[in-house]
């Protein structure tokens with residue numbers, strides 16, 4: 001029950017404190033309809049935002065007036081962006097405007113889809129949303145927007161992008177000849193391959209990569225990718241277990257994580273790397289139990305000699321990878337790991353995005369994600385501060401060409417520990 005409550009209480013938003021993502025240049029509703037949505041956002045913010053004093057400090061009234069004036073003269077392609085920019089002026093985590101053209105829109109709906117039908121205050125009209133449970137075309141990529149360009153922030157191990165040849169750091173420029181946008185590019189779904197023009201090096205030539213998207217539930221895809229990421233990496237005489245958690249939201253994800261840890265423990269690792277970079281948070285504080293080494297290891301042997309074991313605990317020296325994309329529940333876990341010296345934190349400072357957020361359905365099909373309360377972790381405020389790594393390894397993913405210096409450093413550190 002605690003974990004289920006935590007999902008609704010402290011999920012991570014991929015944007016955090018970053019600027020809003022850019023939407024595709026497509027025609028949309030009339031300005032009057034967008035003005036109504038602006039009024040809806042204004043009412044929700046005034047009624048639900050956790051800190052009314054910040055509305056004054058951050059000039060909410062002035063920003064709403066400016067947005068209203070912009071909407072009156074903006075082209076249809078600009079209107080989602082105007083509303084996203086308005087909400088971003090609040091400069092608060094778990095607070096963003098997510099249009100259906102934003103890849104996080106479907107991901108957030110997937111996280112909350114079990115409770116949205118019963119929350120008539122947040123979503124009085126579900127007809128404004130895609131059918132639930134949500135299924136969307138997907139390439140198996142964690143997309144990152146930087147300076148109005150789209151980059152591959154990560155490739156899911158069992159998604160279609162990996163065998164197609166897309167790698168960490170690639171800039172995707174066009175899709176079937178049109179400017180790239182991750183939702184629009186793959187909207188036709190499976191059976192409709194998409195030809196991407198990709199730049200792998202800064203200023204380098206474009207190369208063609210073709211991906212046939214799949215149709216998935218976003219959260220199910222993240223759980224599947226967690227299981228698919230599990231592997232043993234040989235490093236000298238050492239055997240380093242590796243797992244990547246793309247989304248830590250919900251008991252099903254925790255079950256998948258514990259099953260993967262148990263399976264890796266059967267392979268006798270000498271060290272462990274748990275990758276919490278990017279993705280979504282949602283981890284309940286009690287998920288920290290994977291680091292409890294005091295729990296007995298049980299193995300049963302049947303009459304025919306079959307051995308059954310379940311040991312979902314990390315018992316060997318561990319390194320936990322974090323970066324600016326590690327948010328919300330992942331930061332709570334990182335904070336506890338550092339405080340109690342359970343593992344080494346390596347990478348970049350976390351996002352400092354830990355306030356609880358709730359989704360509100362807007363009349364144009366977009367989602368307003370809005371924080372309604374403050375939060376401390378062991379009495380500390382992590383918002384806008386985050387968690388610093390024990391070992392700092394900065395990394396600009398742009399044009400990385402598939403190289404991952406943070407993971408390499410974690411593997412080297414695991415080897416050195418032994």
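The values are calculated or read from the model by the stated rules, or taken from the named source; none is laboratory data. The structure displayed is predicted, hence computed values, not measured ones. All Cβ positions, even for glycine, are placed from backbone atoms using ideal geometry, and neighbour counts span all protein chains on display.
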**OP:** Confirm whether residue 415 is in contact with a strand residue (DSSP E or B) (Cβ under 7 Å, 6 or more places away or on another chain), farther than 30 Å from residue 36 by Cα, at pLDDT 95 or above and assigned to a helix (DSSP H, G or I).
**Re:** no
Original post:
Under 8 Å by Cβ, and 6 or more places apart or on different chains, what pairs join a residue from region 59-76 that is at pLDDT 95 or above with one that is not in a helix (DSSP H, G or I)?
Top reply: 59/89; 60/89; 60/90; 63/89
Original post:
Tally time: how many residues in region 333-354 are in contact (Cβ under 8 Å) with a residue 60 or more places away in the chain and within 15 Å of the chain's Cα centre (by Cα)?
Top reply: 4
Subject >> Which numbered condition residue 412 misses (of (1) out of contact with any helix residue (DSSP H, G or I) (no Cβ under 9 Å at 6 or more places or on another chain); (2) over 20 Å from residue 244 (Cβ atoms); (3) surrounded by fewer than 18 Cβ atoms within 10 Å (Cβ to Cβ)) >> reply: (2)
Subject >> Pick from region 333-347, criterion out of contact with any helix residue (DSSP H, G or I) (no Cβ under 7 Å at 6 or more places or on another chain) and more than 22 Å from residue 154 (Cβ to Cβ), ranking: surrounded by the most Cβ atoms within 10 Å (Cβ to Cβ) >> reply: 335
Original post:
Going through region 250-287 one residue at a time, which ones are in contact with a strand residue (DSSP E or B) (Cβ under 6 Å, 6 or more places away or on another chain) and farther than 18 Å from residue 320 by Cβ?
Top reply: 267
Original post:
Can you find a residue in region 13-28 that is over 26 Å from the mean Cα position of the chain (by Cα), at pLDDT below 95, surrounded by fewer than 13 Cβ atoms within 10 Å (Cβ to Cβ) and outside the structural domain of residue 180 (by TED's automatic domain parsing)?
Top reply: yes
**OP:** Considering only region 373-389, state which residues are buried (at least 17 other Cβ atoms within 10 Å of the Cβ) and in a loop (DSSP other than H, G, I, E, B).
**Re:** 375, 382, 383, 386, 387, 389
Original post:
From the list 126, 166, 86, which residue is in contact (Cβ under 8 Å) with a residue 12 or more places away in the chain and under 26 Å from residue 67 (Cβ atoms)?
Top reply: 86
**OP:** Show the residue pairs that are 6+ apart or on different chains and have beta-carbon atoms under 6 Å apart, the first residue being within region 239-258 and under 11 Å from residue 279 (Cβ atoms), the second being in a strand (DSSP E or B).
**Re:** 244/275; 247/280; 249/280
Original post:
In region 298-332, which residue that is free of Cβ contacts under 8 Å to residues at least 12 places away in the same chain and in a loop (DSSP other than H, G, I, E, B) is nearest to residue 154 (Cα to Cα)?
Top reply: 306
Original post:
Restricted to region 85-101, and to residues that are buried (at least 19 other Cβ atoms within 10 Å of the Cβ) and assigned to a helix (DSSP H, G or I), which residue is nearest to the chain's Cα centre (by Cα)?
Top reply: 87
**OP:** Please verify whether region 227-242 includes one or more residues that are crowded, with 23+ Cβ neighbours inside 10 Å, part of a loop (DSSP other than H, G, I, E, B) and touching a strand residue (DSSP E or B) at 6+ places or on another chain (Cβ under 7 Å).
**Re:** no
Original post:
Mind checking which residues of region 261-297 are part of a loop (DSSP other than H, G, I, E, B), touching a residue at least 60 places away in the same chain (Cβ under 8 Å) and more than 24 Å from the chain's Cα centre (by Cα)?
Top reply: 270
Subject >> Matching residues, region 102-127, being modelled with pLDDT under 95, surrounded by 15 or more Cβ atoms within 10 Å (Cβ to Cβ) and within 25 Å of residue 82 (Cα to Cα) >> reply: 122, 123
